[in-house]
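What follows is a short report on a single structure.
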Amino acid sequence: PATGTQTIVTQNAGDAEIKGFEVELEARPAEQLRLNAAVGYLDAEYTRISAAAALTGLTLQHKLIGTPEWTASAGVEYTFPVPERGDLSLRADYSYRAETHFQLLNEPTVAQPGYGLVNLRAAFDSAAGKWTVATGLTNATDERYRASGVSVLDSLGFSVGWYGRPR
């Protein structure tokens with residue numbers, strides 16, 4: 001039998017301010033060619049730390065969880081008409097995400113440094129538009145990146161990371 005009790009208390013770390021922008025562009029310089037690009041910026045910072053959070057070691061210099069400063073993406077798609085058969089489309093895109101923290105105190109063993117992903121896709125659309133056959137390759141460069149993580153180094157002595165899909 002347990003002799004003690006444990007109480008878990010959840011509360012805000014303090015106050016934060018998040019501001020930023022996102023710009024998207026899509027162009028079709030030729031009938032068969034489509035281009036797209038986007039860039040996003042986040043300025044996310046704590047403006048006040050609660051007394052309870054300060055006891056954990058949280059400071060105004062820590063980064064907010066899940067707020068990469070920069071994100072960007074770009075893609076290109078070209079469609080080749082196949083006379084009397086349909087259209088063959090080839091697409092490639094790239095996305096970037098800057099350093100991301102997954103824990104309040106920005107534990108480096110579970111933070112994810114900036115990384116980029118490349119995806120590829122080929123599709124054939126029938127001339128009548130009744131069917132499509134497509135294949136794709138996600139994470140074509142087989143980039144290893146954390147999608148999330150938890151560190152319990154201080155209490156249990158280990159960290160755990162959940163990784164994004166491989167190629």
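The values are calculated or read from the model by the stated rules, or taken from the named source; none is laboratory data. These figures come from a predicted structure and were not determined experimentally. Here the Cβ positions follow ideal geometry from the backbone for every residue, glycine too, while neighbour counts run over all protein chains shown. These accessible areas exclude ligands, DNA and RNA; they are computed on the full protein's heavy atoms, side chains included. Shrake-Rupley method; radii C 1.70, N 1.55, O 1.52, S 1.80 Å.
Table: residues versus (1) closer than 14 Å to Glu17 by Cα; (2) under 24 Å from the mean Cα position of the chain (by Cα); (3) surrounded by 16 or more Cβ atoms within 10 Å (Cβ to Cβ).
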residue: Glu31; (1), (2), (3): no, no, no
residue: Leu35; (1), (2), (3): no, yes, no
residue: Tyr46; (1), (2), (3): yes, yes, yes
residue: Ser50; (1), (2), (3): no, no, no
residue: Ala54; (1), (2), (3): no, no, no
residue: Gly57; (1), (2), (3): no, no, no
residue: Gln61; (1), (2), (3): yes, yes, no
residue: Thr67; (1), (2), (3): yes, yes, yes
residue: Ser73; (1), (2), (3): no, yes, yes
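Give the residues of segment 122-136 that are surrounded by 12 or more Cβ atoms within 10 Å (Cβ to Cβ) and assigned to a loop (DSSP other than H, G, I, E, B), sorted by residue number.
Scanning segment 122-136 gives a single hit, Ala127.
Within segment 85-114, work out how many residues are part of a strand (DSSP E or B) and either open to solvent by less than 50 Å² (accessible area, probe 1.4 Å) or small (Gly, Ala, Ser) (or both).
Residues flagged as part of a strand (DSSP E or B) and either open to solvent by less than 50 Å² (accessible area, probe 1.4 Å) or small (Gly, Ala, Ser) (or both) within segment 85-114 amount to 7.
Per-residue answers, yes or no, for (1) touching a Ser or Thr at 6+ places or on another chain (Cβ under 7 Å); (2) outside any loop (DSSP other than H, G, I, E, B); (3) at pLDDT below 95; (4) under 23 Å from Ala98 (Cα atoms):
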residue: Ala2; (1), (2), (3), (4): no, no, yes, no
residue: Gln6; (1), (2), (3), (4): no, no, yes, no
residue: Glu17; (1), (2), (3), (4): yes, yes, no, yes
residue: Ala27; (1), (2), (3), (4): no, yes, no, no
